[in-house]
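The values are calculated or read from the model by the stated rules, or taken from the named source; none is laboratory data. Note that the structure is predicted; figures quoted are calculated from it, not measured. Backbone-built Cβ (ideal geometry, glycine too); neighbour counts: all protein chains shown.
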Amino acid sequence: MTRLPRTRALWRALAVAAAALLTATAAPVTAGAKPEPKAPEEFVALDRVDPTILHEMRYTTAHNFVGERIDGYRQPVCILTKPAALALHKAQRKLLRQGYSLKVYDCYRPQRAVDHFVRWAEDLSDERMKAEFYPKVDKSRLFADGYIAEKSGHSRGSTVDLTLVKLPARPTRPYVPGEPLVPCYAPQDERFPDSSVDMGTGYDCFDTLSHTDDPRITGEQRANRDLLRGTLSELGFVNLPEEWWHFTYKPEPFPDTYFDFPVSRRSVGGR
């Protein structure tokens, strides 16, 4: 008659020991969880500095050369160092008086996003967006031709990809994954409609026509590129000659640091 209580006591003791073991092994996992990095105090959300600048943050969507949301892009918010954001605010004030608005495609870019680009470029079988973004470029040449690199100035926080929009701005329809793709250098009325003025190519067009001073770009397209570059250069931005949309504010507050905090409002708090 005494064996049953002893058996129950034994099972109870084993259960207590097992629970203690689980607690002991689980604690280090919780304690060792690495918190997400946050942006330094020098970073701000652009719409906190100027809410009138338009946003079309391509890497939070599937409408980009990879064809899917890019790692690290949690929300469609443009994050920049404060000097760069303030300079864009000044540019916007000048352009609004001329009937234009800036529209940003990409701003700060975390290193994990750059790593995503690199992995994609190394996978030569994935060409789902080739017909729009790199119709004439063999994917095996993306590194050699400079379209993809293991580091990006965007990760330093003072580089922005942007365009001009004629006011009043037309709404941009959502991209539908799988829809027919049109080459990024096609006539503007044939390309994906993004409300931008005609710059001669779409954004992120891997083609020499994207070179800011390509001689084939003339007329209205040339005037639009010159207006964007001229306005921004007066305020400290330097254009990348291979990409009409790519500008870096100088001097950069973080010229040698490549950050990896995610693109989200939480990264910059209330700034």
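The residue of the stretch 152-175 that is nearest to R229 (Cα to Cα), among those that are among the hydroxyl-bearing types (S, T, Y) and not in a loop (DSSP other than H, G, I, E, B), is T163. Regarding F261, is this residue within 19 Å of L88 (Cα to Cα) and within 20 Å of the chain's Cα centre (by Cα)? Taking the combined requirement at face value, the residue does not satisfy it. Remark: G153 falls outside the filter, which requires a residue to be at pLDDT 95 or above, at positive phi and in the same structural domain as D194 (by TED's automatic domain parsing).
Condition check: in a loop (DSSP other than H, G, I, E, B), within 21 Å of the chain's Cα centre (by Cα) and polar (S, T, N, Q). Does T248 satisfy that? Criteria not met by T248. Residue count for the stretch 42-56 under the criterion of being crowded, with 20+ Cβ neighbours inside 10 Å and either within 13 Å of the chain's Cα centre (by Cα) or farther than 21 Å from L96 by Cβ (or both): the result is 2. In the stretch 61-76 there is no residue matching the filter, namely being of a type in the set (A, V, I, L, M, F, W, C) and more than 25 Å from C184 (Cβ to Cβ). Scanning the stretch 51-107 for residues that are assigned to a loop (DSSP other than H, G, I, E, B), polar (S, T, N, Q) and over 16 Å from W120 (Cβ atoms) yields T52, Q75, Q98.
The condition of being in contact with a Cys (Cβ under 6 Å, 6 or more places away or on another chain) and of a type in the set (D, E, K, R) holds for only one of E122, E150, E132, that being E132.
Among the residues of the stretch 223-241, those that are surrounded by 15 or more Cβ atoms within 10 Å (Cβ to Cβ) and assigned to a loop (DSSP other than H, G, I, E, B) comprise L235, G236, L240.
Scanning the stretch 176-202 for residues that are among the β-branched types (V, I, T), more than 16 Å from Y134 (Cβ to Cβ) and in contact (Cβ under 8 Å) with a residue 24 or more places away in the chain yields a count of 1. Restricting the stretch 171-222 to residues that are of a type in the set (V, I, T) and out of contact with any helix residue (DSSP H, G or I) (no Cβ under 8 Å at 6 or more places or on another chain), the residue that is surrounded by the most Cβ atoms within 10 Å (Cβ to Cβ) is T172. When T159 is tested against (1) surrounded by 22 or more Cβ atoms within 10 Å (Cβ to Cβ); (2) more than 15 Å from Y59 (Cβ to Cβ), exactly one condition is not met: (2). Counting the residues of the stretch 36-50 that are aliphatic (A, V, I, L, M) and either assigned to a loop (DSSP other than H, G, I, E, B) or over 18 Å from P262 (Cα atoms) (or both) gives 2.
Within the set A62, A84, A131, A144, the sole residue that is crowded, with 19+ Cβ neighbours inside 10 Å and either at negative phi or at pLDDT below 95 (or both) turns out to be A84. Looking at A186, A144, A149, just one residue is part of a loop (DSSP other than H, G, I, E, B) and over 29 Å from F254 (Cβ atoms), and that residue is A186.
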